[in-house]
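Peer 1: Questions regarding the structure given below will be posed in turn.
The values are calculated or read from the model by the stated rules, or taken from the named source; none is laboratory data. If you're wondering where the values come from, they're calculated on a predicted model, not measured in any experiment. Virtual Cβ from ideal backbone geometry, glycine too; neighbours counted across all protein chains shown.
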């Protein structure tokens, strides 16, 4: 499963984030009624938001709609934004909240079909067709197991293990203390390890199975 998580970690946006001064200028222009300023924010951050939602949610077709929801929420939040955090931090807080809300709703309704394009995006990074097929199977298994973990633990675990963030960085994104984040990661890792161990000698859980985790 390590190879599958390494592939997942590769879904990152390589572009440099704007500086705090750049962000402050954009926010000031937006508040002054410059509509192009928000378009610049969108173009700058949309790829990173989509990729983060992909890493957190896996093969769900709603990722594009959720990405748009993030920027609609950002537009509503900017008038109240005091600038006490980076704009990118605010955007990714919103993205993570949207991901958590989606996972909660998904646990209470029939599962949606998986998005095959998700695997195409990821497996373009794999080697041979044989490697791609093996990695696809591992990823399907990992996300089937993650679907059984409560959203807050799942998100903290992926932000730590896949995105490589520190407990302090995750705490800023999920509005929790670093100690709480550390517990969520520890418990989530323990649950994931147990679920993966149970799949080793039997067929992996289907991605279409109804997830049992609730926040």
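Condition check ((1) within 14 Å of the chain's Cα centre (by Cα); (2) modelled with pLDDT of 90 or more) across all residues:
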residue: 2; (1), (2): no, no
residue: 7; (1), (2): no, no
residue: 38; (1), (2): no, yes
residue: 70; (1), (2): yes, yes
residue: 79; (1), (2): no, yes
residue: 92; (1), (2): yes, yes
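Peer 1: Hey, another quick one. From 103, 74, which residue is modelled with pLDDT of 90 or more, closer than 21 Å to residue 25 by Cβ and buried (at least 16 other Cβ atoms within 10 Å of the Cβ)?
Peer 2: Checking each option against the conditions leaves just 74.
Peer 1: Sticking with this one: Have a look at 113, 204, 151 and point out the one that is surrounded by fewer than 19 Cβ atoms within 10 Å (Cβ to Cβ) and either in contact with a helix residue (DSSP H, G or I) (Cβ under 8 Å, 6 or more places away or on another chain) or modelled with pLDDT of 90 or more (or both).
Peer 2: Within the list 113, 204, 151, the selection yields 204.
Peer 1: Take the residues in segment 57-68 that are modelled with pLDDT of 95 or more and either under 25 Å from residue 19 (Cβ atoms) or in contact with a helix residue (DSSP H, G or I) (Cβ under 6 Å, 6 or more places away or on another chain) (or both), then tell me which one is surrounded by the most Cβ atoms within 10 Å (Cβ to Cβ).
Peer 2: Checked segment 57-68; the qualifying residue surrounded by the most Cβ atoms within 10 Å (Cβ to Cβ) is 67.
Peer 1: Something else: Filter segment 162-189 down to the residues that are more than 15 Å from residue 96 (Cβ to Cβ) and modelled with pLDDT under 95, then identify the one that is farthest from the chain's Cα centre (by Cα).
Peer 2: The residue in question is 189.
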